[in-house]
């Protein structure tokens, strides 16, 4: 299929764009159970970075599913394809110079390894939002755990499908011990030296 | 499938990012025959904009096919799916504030209408790189026309598959009359007032 394709060399590189922006781009990947607080912390981090003139963009499952991946179901194969495409988009975003934030349950170690492979290990920061299942179910912001327990949602992570916690995440956030602003500070302390160049 | 999805509202908006960058993002879409000069002009435009501190990113068929769309063939259905995904990625890129350049043969009016619909008409600039089939075939930089004439490539645009020229492109570049730098100047004159805010 790729026999008649030729890789193009572009004049303007990622380094040129990073230099223009005074920042280094990375993919900051949030993983954790539904309701663990991924999106809340990701959004707070984005605001915090924007206030420091860092250009960011957030990819989120709830949003990308209405566009790029609206043809995909929640079958096991399609969940992996969902994450593969998101990783490929993140790779392009990183190449554009943008600090890319992604917030997805991404329950399988093998899928997160795939994402790391696609974007390159040096570009990937894994943030494990570690909130216990009991706490997520107690919060149940969207009422999904109740539906899952009632059998109205199949393959629900933590209830009827596995969540494989990261073995050695770059950053671990225990939301039952940290406030949102404390979580953001923890992440910023970790990434500041790698992304901020101004 | 989307029953249990909720659209997220993010604190940082496209307008915030555009303001940070002092630019307005658009999708500048190059369409034309293989060998018409799309990529050459797109790359020259990207350099020109970068020199003026405009953050850009180029999506290109030869490149995106190795990543996001490597699962797709060159069947009619997959060519449309290829362009649909590229448009969805462009939509995210525009939302990130980046001036997005895309260079694809995109031979069908219906596909280009789909792209316009996905990203929004107000974000879409169609650049028709109008080089005659005779001239493209004479140049034959990649030797593809020769192969297509010999029957070694199926569904080759202009030879064994149609190219539907834009009826009212935003910008038309006749490469048999303009040098590359003249083409870039023509495009920049057209887009300057909309993308540059500094």
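Bear in mind that the values in this text are calculations on the coordinates, not laboratory data. As the structure is a prediction and not an experimental result, all values here were calculated from the model. Note that each Cβ is placed from the backbone with ideal geometry, even for glycine, and that neighbours are counted across all protein chains shown.
Some values worked out for this structure:
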| quantity | calculated |
| --- | --- |
| Mean-position separation - Cα centroids, the range B:69-92 and the range B:42-57, in angstrom | 25 Å |
| For residues of B:85-96, the mean tally of beta carbons on other chains within 10 Å | 5 |
| Expected 222 nm ellipticity per residue - DSSP helices of 4 or more, -39500 (n - 2.57), all of the protein assembly as shown, to 500 | -13000 deg cm²/dmol |
| Ranked packing of A:106-117, A:37-48, A:147-158, most packed first, by mean Cβ within 10 Å | A:37-48, A:106-117, A:147-158 |
| Antiparallel bridge percentage (DSSP; both residues within the protein assembly as shown; nearest 5) | 5 percent |
| For the B-to-A rotation axis, chain B residue with nearest beta carbon and its distance in angstrom | B:89, 3 |
| Teacher prompt: residue A:133 distances to equivalent labels in other copies, 7 Å Cα→Cβ, nm | 6.3 |
| Exam field: residue B:120 pseudo-label spacings to other copies (7 Å along Cα-Cβ), nanometres | 3.2 |
| Kirkwood hydrodynamic radius of the protein assembly as shown, Cα pairs, Å | 22.3 Å |
| Alpha carbon centroid spacing (whole Å) that separates the range A:159-189 from the range B:109-177 | 48 Å |
| Cβ neighbours within 10 Å from other chains - mean over A:178-188 | 0 |
| Between 0 and 90°, nearest 10: helix B:76-95 axis offset from chain B longest Cα axis | 30 degrees |
| Chain A - Rg and Dmax from Cα coordinates, angstrom | 17.5, 56 |
| Copies compared at residue B:192 - label distances in nm, ascending, label defined 7 Å from Cα in the Cβ direction | 4.2 |
| On Cα atoms only, tilt of B:109-119 relative to the major axis of chain B in degrees | 20 degrees |
| Antiparallel bridges, percent of DSSP beta bridges restricted to chain A (to nearest 5) | 5 percent |
| Degrees, to the nearest 10: B:180-195 long Cα axis against longest axis of chain B | 30 degrees |
